[in-house]
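For reference, the structure is listed below as structure tokens.
Just so it is clear, none of the values below were taken in a lab; they were calculated from the coordinates. Everything numeric here is computed off the predicted structure, so don't read it as measured data. Here Cβ is always computed from backbone atoms with ideal geometry, including for glycine, and neighbour counts include all displayed protein chains.
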């Protein structure tokens, strides 16, 4: 079954919620068990303790009362720091004297009106690596049902220099489609379990499964859950962008050009994973490895493969030709 239509997207969302929800529960349980073990250790230093299953369960409950709220605060703080990093070194378009940027800002306003969504702020990042991603502001709630402030679309200097004006408009249309579909909010919900799992596996080793197999396993499951949801949303955003610009070929050529320009990310793995979830093209390999050689499509990838995306756009072109 192709999970890219309205029903399929809903199925993907339910699967992703189930997988990432289990990841969050498992992470919270592990933290609570460690805290309970610490409590038992302290109590045992005070005198002999008759250890029973009931006493352990009560210890878990007592440990969970202070630990889980603190755990939630730590995860919330980490996500806000992530948003700060996503916006650091970016500048508003008003500080850049560029015809291409002015045209891009005008196209963004027009596309937001087409999608009947809030006009996002455009900010430019002076990186040579081509990037285009959407993010919330650091002051926005970590998770929310409704968006209260305008989101931010960040484009890199490398993106503007690499793509033509039509291709740039197609990429921004892709990001506007994400906003119109509330993907930013939904992805924020799904990133919480992933951050929780990565909190237990803060390891930059090339083979983390050897040093921390449990943390690596939880992170992998969290990535699978995020990928199940995100891959379907990417295809939906591609289709919406192609329909809004009436030019599927522009987005297709932009994706091909960006895939050729992919570089190894310079940020740490945690930052890269979160950016990867909202970037127009994947910055990780198909299995979530930094600087991987694949262009998406793996079980833990947040993006479909380039071939799948191009085939979907070609099908849309064929549909448009048939209708005309």
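Values computed for the structure shown
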read-out: Potential lengthening between residue 113 and residue 150 on full extension [0.36 nm per residue; Cα-Cα distance subtracted]; value: 12.0 nm
read-out: Protection proxy ranking of 230-240, 23-33 - average other beta-carbon atoms within 10 Å, highest first; value: 230-240, 23-33
read-out: Net length gained if the chain between residue 87 and residue 61 were fully extended (0.36 nm per residue, minus Cα distance); value: 5.4 nm
read-out: Protection proxy ranking, peptides 241-249, 93-101, average beta carbon neighbours within 10 Å, highest first; value: 241-249, 93-101
read-out: Cβ crowding within 10 Å averaged over residues, with 220-228, 123-131 ranked highest first; value: 220-228, 123-131
read-out: Inter-label distance for residue 41 and residue 98, nm, one decimal - labels placed 7 Å from Cα along Cα-to-Cβ; value: 5.3
